Amino acid sequence: MTLETGRLLLRAFEPGDVDAVHDACQDEDIQFYTPVPVPFGRQDAEKMVREGREGWAADKDYVLGAFRKDTVALVGSYCLTKVSAGVYELGYWAVKDQRGQGYSAEAARALCDWGWATLDVHRIEWWAMAGNTGSRAVAERLGFTVEGTLRNRGIANDGKPHDWWVGGLVRA
Ligand SMILES: CC(C)(COP(=O)(O)OP(=O)(O)OC[C@H]1O[C@@H](n2cnc3c(N)ncnc32)[C@H](O)[C@@H]1OP(=O)(O)O)[C@@H](O)C(=O)NCCC(=O)NCCS
């Protein structure tokens, strides 16, 4: 399955993407704000690529790598994960040196549009650690309503509980 936007090609990760995924996930923000293992080794990148492909095969989790059409560089990872009947969670991370160019909003919008058109879904959720203004900006750009702050909702890689923001998009 591939999706195309004005500037990006989105496709399932392939074994040849392991190095790019490994390099991207050395970023301290990805390691703090997303549940990747820390430290993030080459085996973790191989596992991420493998599990991404298994998610598609199981028709459950839909992870796409986004790649620039002009340079074919990896831009980031964008995922819809089934939470419960009709509810999917949107997750993403972007390669540090590709940020700030609107790529994540472009890729995540394409994935959500595909989800609305293809999946039996009535709600797409977004969760982020409170204070992750970049993630929130992307979600709000996509039209998500931030619905609340859950106190001490999760433990981050610093081993401490943090508040979490939750938002949603619902089928109109
Ligand atoms: C969050 C993240 C994916 C944003 O990626 P990005 O490619 O830079 O986002 P975009 O360029 O598409 O930005 C979309 C909008 O968000 C805004 N934005 C992006 N990062 C921002 C930041 N750190 N602070 C404030 N606004 C930000 C952009 O200005 C843009 O707004 P606009 O459309 O009004 O101009 C990226 O910073 C990242 O990977 N962070 C670490 C991992 C992470 O936190 N993932 C989410 C876990 S919930």
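The values are calculated or read from the model by the stated rules, or taken from the named source; none is laboratory data. The structure presented is a predicted model; accordingly, all values stated were derived computationally and were not measured. Using ideal geometry, Cβ is built from the backbone for each residue, glycine included, and neighbour counts are taken over all protein chains shown. When the accessible area is computed, the model is the full protein with side chains, heavy atoms only, and any ligands, DNA or RNA have been set aside. Shrake-Rupley method; radii C 1.70, N 1.55, O 1.52, S 1.80 Å.
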- Take the Cα atoms of the chain, build their convex hull, and give its volume per residue in Å³. 114
- Mind checking which of Ala45, Ala58, Ala156 has the largest fluctuation in a GNM of the chain, springs on alpha carbons under 10 Å? Ala58
- Message: So if I restrict to the alpha-carbon atoms in the stretch 70-138, what is the Rg, and what is Dmax, the biggest pairwise distance, in Å?
- Response: 12.8, 38
- Show that you can apply the helix-only estimate: for the chain, add -39,500 (n - 2.57) for every DSSP H stretch of four or more residues, divide by all residues, and state [θ] at 222 nm to the nearest 500. -9500 deg cm²/dmol
- Query: Using a 1.4 Å probe, how large is the accessible area of Leu150, given in Å² and rounded to the nearest 10?
  - Reply: 60
- Query: Round to a whole number: what % of the accessible area of the chain belongs to carbon and sulfur, probe 1.4 Å?
  - Reply: 49
- What are the ³J(HN,Hα) values, in whole Hz, obtained from phi via the Karplus relation 6.51 cos²θ - 1.76 cosθ + 1.60 with θ = phi - 60°, for each residue of the stretch 163-172 in sequence order, with x given for Gly and Pro? 6, 10, 8, 10, x, x, 10, 10, 5, 5
- Express in Å², to the nearest 10, the accessible area of Ile155 obtained by rolling a 1.4 Å probe over the protein heavy atoms while all chains stay in place. 120
- Item | Dipole magnitude of the stretch 84-172, debye to nearest 20 (Cβ charges: Lys/Arg +1, Asp/Glu -1, about Cα centre) | 160
- Query: Expressed in whole Å with the largest first, what are the equivalent ellipsoid semi-axes of the stretch 48-95 derived from the C-alpha gyration tensor as the square root of 5 times each eigenvalue?
  - Reply: 22, 12, 8
- Message: Using each residue's phi in the stretch 8-14, evaluate 6.51 cos²θ - 1.76 cosθ + 1.60 at θ = phi - 60° and report the 3J(HN,Hα) Karplus result to the nearest Hz, with x for Gly and Pro.
- Response: 10, 10, 10, 8, 4, 5, 10
- Note on the structure: For Lys60 the rounded accessible area (nearest 10 Å², probe 1.4 Å, non-protein molecules ignored) is 100
- May I ask what percent, to the nearest 5, of DSSP beta bridges between residues of the chain are antiparallel? 90
- Just need log10 I(q)/I(0) for the stretch 1-44 at q = 0.20, 0.21 Å⁻¹, Debye formula, equal scatterers on the alpha-carbon atoms, no solvent, rounded to two decimals. -0.75, -0.79
- Message: Ignoring solvent entirely, what values of log10 I(q)/I(0) come out of the Debye formula for the stretch 1-96 at 0.26 Å⁻¹ when each Cα is a single scatterer?
- Response: -1.50
- Find the accessible area per residue for the chain; the probe is 1.4 Å, ligands and nucleic acids are left out, and the unit is Å². 52
